[in-house]
Amino acid sequence: MAKYLLKRIAYIFLSLFLIITVTFFLMQIAPGSPFASERKMTPALEKQMEEAYGLNDPIHEQYLDYLVNALTFDFGPSFKYVGQDVMDIILRGFPYSLVLGLEALFIATGFGILFGVFAALKHNKFGDYAAMVIAVLGISVPSFIMATILQYIFAIKLNMFSVARMESFADTILPALALATTPLAFIARLMRSSMLDVLNSDYIKTAKSKGMSQRIVTYKHGLRNALLPVISYMGPLVASILTGSFVIEKIFGIPGLGSEFVTSITNRDYTVIMGTTVFFSVILLFCVLLVDIIYGIVDPRIKLDAKGGEK
Amino acid sequence: MKKILSVKNLSVSFETYKAEVKAVRDVSFDLHEKETLAIVGESGSGKSVTAQSVMRLVPMPPGKFVGGSIIFDGEELIDKSEKQMESIRGKEIGMIFQDPMTSLNPTMTIGKQIAEGLIKHQNMSKKDAHARGIELLKQVGIPNPEKRINQYPHEFSGGMRQRAMIAIALACNPKILIADEPTTALDVTIQAQILDLMKQLQEETGTAIILITHDLGVVANSAHRVAVMYGGKIVETGSVEEIFYNPKHPYTWGLLGSMPKLDQHDEKLKAIPGSPPDLADPPKGCPFAARCPFAMKVCGEHMPEHYELSDTQKTACWLLHEGAPKVEPPEFVNVGGSKVNG
Amino acid sequence: MEKLQLSNEDFQPLHIDQTESEKIAGESTSYWKDAWRRFRKNKLAIAGIVILLLLGFMAIFGESISGHNYRDTDLMSTNLEPSSEHWFGTDNLGRDIFARTWDGAKISLFIGLMAAFLDLIIGVIWGAIAGYFGGKVDEYMMRIADILYGLPYLLVVILLMVVMGQGIWTMIIAMVITGWINMARIVRGQVLQLRSEEYVLASRSLGASNMRLLFKHLIPNTLGPILVTLTLTVPNAIFTEAFLSFLGLGVPAPHSSWGVMTSEALSALKHYPYQLFFPAFFICLTMLAFNVIGDGLRDALDPKERK
């Protein structure tokens, strides 16, 4: 287990190294000087600024500096907000995004599993069809459209929630719902087909032949095995909620990390873009690691210390 | 000997999108205490459905009972509720399945899978069930049971898993053990071990066994009586001696002829030409008529009745009618020493 | 059973044509025919196809039907509600939303189909080569795919768009750079599985070349899963286009796309909700249509999955 963890963490660092490298060079070839857009600057001033940000050093030096600093989560100062470090901006926005993301995660997995199991147990009956029609609608409505619909109905028309404010828990409900819709529908479909597969498997027949009641057969023998595909979907799920938060935070005016990222893109604030990208990647890679570990605990067939933990 | 299971005129069908498939048609047989009844037939002959019907494990729908009765210990199983069946399954009738690789729950330890039934049917505490589990594993010949009981199925080999399956099925000392092709998925050497184990356990516990198989070689060694199924019907039943030494049904001849024999130098196996009938639209006469080299006009029109040849042997074939021409079974069948493995 | 009266005639030999009993009972249907029969029975999937055909038709002819064009601004008639003159109303620059919707459809559908098509080409070639040759080749090719697969798709696409600048083709390229991996993985899995099957061995022992095997046997046999993945790639690409446009990284003005229109309508949501309704509705409808077709195909091509 310890060996496996070390190996995985080494792998994560390799991926991070690649991500930092790629983003760094992508940003180098990106068009437009970072200072070009807003204020008119004299060439002399511009030169001075570039000097201050280390933009005149040879590229490999800049790269090495960046790499070393990134390891200590120092992504340098923002180009646009003078006097602010990228890490300040990230730490300012992250708590909002974290709360929102966790909320969406719970809604998506909890209700997704619930609906999926329900549909599988009502297989080929009305409940199954209804749940699956709703699910296919769910994956067909993009999160940003869901967000605007929710905002229009509940905040503008019904006045039940505030529009674009982030003060209390109630303010997080609509954005979390919008963020959770697509993954929820996806998990429900995944859970249903996995549950149906499991319920048709031989060991379910064995359990029945032992005289186990339908309830025990379904939940004790069926559910746990049926959950495995859902657990392996958790990695992509985190990624989807993470990227989904870019637009959702913008629509609901939440000052989270997603909003900062979008703003930095519009502003071409390269250090912030790079910093947030690396930060997102760290979160994502560790979530994937976490999911792998959970999977290894739930499925005894996966030996975490052998062969990189792959199936 | 006391009769403990009596199946009478059982018919089971499946609804498919095309038609109703009549998988089991008018099947009757008895099972006595302490005996092993083998039900033999090729795939699709209805033998597995018959066995699963006894356990009421046929999924319904799409399956349904069309008629007949299954009397176990004087009680009609077909009328029992699902709840009532739960106290029969595992407790009175145990079952093992064909593929030990897929019939054990992969995320549950062997010990827990054995203990489940004990806790439910015999009100054992977890601790007692665990201890009994170790005993059972020892009984089915699994070495180092104290360690093995806490392992998961994937840590067992195929043969060991089937042993564990047997331990699960026999945990509550059931009166009947239904073994549905218990050795088909195993290596030949392991097959013999498993069959020996079942025989030995039968002697120890007195369980009656229904052995479902397509392999007459398996039958010769372990069964007392044999029922041969074809096209959803039983075409011949008899003691194992009668079936091997004095078979009367041309399909049984065919089965025997298609068995490889050690003392035979003719290398060609006698395959039965043709293919089994479509059970969505079964022939109105004998199901084997289309492939039978001795078929007569009547065979295509009417299902023959069962002719009683002895107390135990019953054969459904028009050749046994007094008006029929006398037919000698093909030479390869009637060789006395051909009973496999003696 | 009542006693039958049998005559000698009944015991005459029965002549049955053996070839008759060798015939497979019931209607013998090929895999594709059978799949088509199942697909046809899926009303949702058929509805999906009809919707797509209609959307395609409108994408081509919609703008000319409207009598307006997508770029003409008319400051005298801004933010008009739907009427007989402007069927879907007008936006804040007085542009006809009906015309813009179908111009957007053209772009959204083009991007979706083109991205899926390029994914298909790269993914099938990559996956088929990796799966077919196996061993080291497979290991290296799939390791590359794994690393790319580990990155969050949208994040990569956004970064690429930042670097490459806005435009229809840059968007397609950004999507394809990471999008082909899914297809490659599926094709590889299928090929690996098929490779070990007997008919491939048979064909090989008859001296078929690698190329011939790849194109005559393996690819046709992996067509089912490829088709399903493809139908599910298109809505994903359409979603990504809308998402990027929504972030302001999408199709440059004056062209519209459904994502651009949704984004523009958002600021006016409170007063002119219909401006949001039309593009949002058509994004959802298109994605829905592709999703139900994909589901239908999967059910039809994989009888195991069927209930």
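Tabulated values for the structure
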| item | result |
| --- | --- |
| Per-residue average of Cβ from other chains inside 10 Å of A:227-237 | 1 |
| Number of partner chain Cβ atoms within 10 Å, mean per residue of B:293-299 | 5 |
| Residue exposure sequence - C:PHE61, A:PHE126, A:PHE246, A:PHE73 - by fewest surrounding Cβ within 10 Å | A:PHE126, C:PHE61, A:PHE73, A:PHE246 |
| A:ASP85 long-range amide H proximity, modeled H, under 5 Å | A:SER78 |
| Span-rule helices in chain A, defined as complete DSSP H runs reaching 24 Å or more along the axis (Cα) with Kyte mean at least -0.5 | A:2-29, A:86-121, A:170-199, A:224-252, A:270-298 |
| Dipole in debye (nearest 20) - segment A:88-270, about Cα centre, beta carbon charges: Lys, Arg +1; Asp, Glu -1 | 920 |
| Inter-label distance, nm, simple model (7 Å from Cα along the C-beta direction), B:LEU309/C:PHE57 | 7.2 |
| Within the protein assembly as shown: Cβ-based charge dipole about Cα centre, in debye rounded to nearest 20 (Lys, Arg +1; Asp, Glu -1) | 980 |
| Long pairs among B:LYS175/B:LYS248; B:LYS22/B:LYS314; A:LYS122/C:LYS33; B:LYS8/B:LYS326; B:LYS8/B:LYS248; B:LYS34/B:LYS91, criterion Cα-Cα beyond 20 Å | B:LYS175/B:LYS248; B:LYS22/B:LYS314; A:LYS122/C:LYS33; B:LYS8/B:LYS326; B:LYS8/B:LYS248 |
| Fraction of antiparallel bridges per DSSP, chain B only, in percent to nearest 5 | 60 |
| Amide H contacts under 5 Å for B:LEU177, placed H, 5+ residues apart | B:GLY94, B:ALA208, B:ILE209, B:ILE210 |
| At 0.692 mPa s and 37 °C, Stokes D of segment A:88-270 from Kirkwood alpha-carbon radius, µm² per second | 184 |
| Two-decimal ratio, the protein assembly as shown, of alpha-carbon radius of gyration to 2.2 N^0.38 Å | 1.17 |
| Chain A: calculated mean residue ellipticity at 222 nm from DSSP helix runs of at least 4, using -39500 (n - 2.57) | -24000 deg cm²/dmol |
| Mean Cα-pair separation over length for chain A, i.e. relative contact order, pairs under 8 Å, 6 or more apart, % | 26 |
| Simple Cβ-charge dipole of chain A, Lys/Arg +1 and Asp/Glu -1, about Cα centre, in debye nearest 20 | 1880 |
| Distance in nm between pseudo-label sites at B:LYS284 and C:PHE133 (7 Å out along the Cβ direction from Cα) | 6.5 |
| Listed residue (C:MET164, C:LEU44, C:PHE61) projecting farthest to the positive dipole end of segment C:30-173, Cβ model | C:LEU44 |
| Placed amide H near B:ALA38: partners under 5 Å, 5+ positions off or other chain | B:LEU211, B:HIS224, B:ARG225, B:VAL226, B:ALA227 |
| Mean Cβ neighbour count within 10 Å, used as a protection proxy, ranking C:78-86, B:212-220 highest first | B:212-220, C:78-86 |
| Charge dipole of chain A about the Cα centre (unit charges at C-beta), most positive-ward option of A:SER232, A:THR271, A:VAL217 | A:VAL217 |
| Gained length - C:THR73 relative to C:PHE281, 0.36 nm times residue gap less alpha-carbon distance | 72.5 nm |
| Partner chain coverage, peptide B:142-151 - average Cβ within 10 angstrom | 0 |
| Rounded tilt (10° steps) of B:188-205 against the dominant C-alpha axis of chain B | 70 |
| Relative packing of C:133-139, B:145-151, which averages over residues the other C-beta atoms within 10 Å, highest first | B:145-151, C:133-139 |
| Chain B: calculated mean residue ellipticity at 222 nm from DSSP helix runs of at least 4, using -39500 (n - 2.57) | -8500 deg cm²/dmol |
| Positive-end extreme of charge dipole, chain A - chosen from A:VAL22, A:ALA147, A:PRO95 (charges on Cβ) | A:ALA147 |
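Every number here is computed from the coordinates shown, using simple stated rules; none is lab data. Source: prediction; values computed, not measured. Virtual Cβ from ideal backbone geometry, glycine too; neighbours counted across all protein chains shown.
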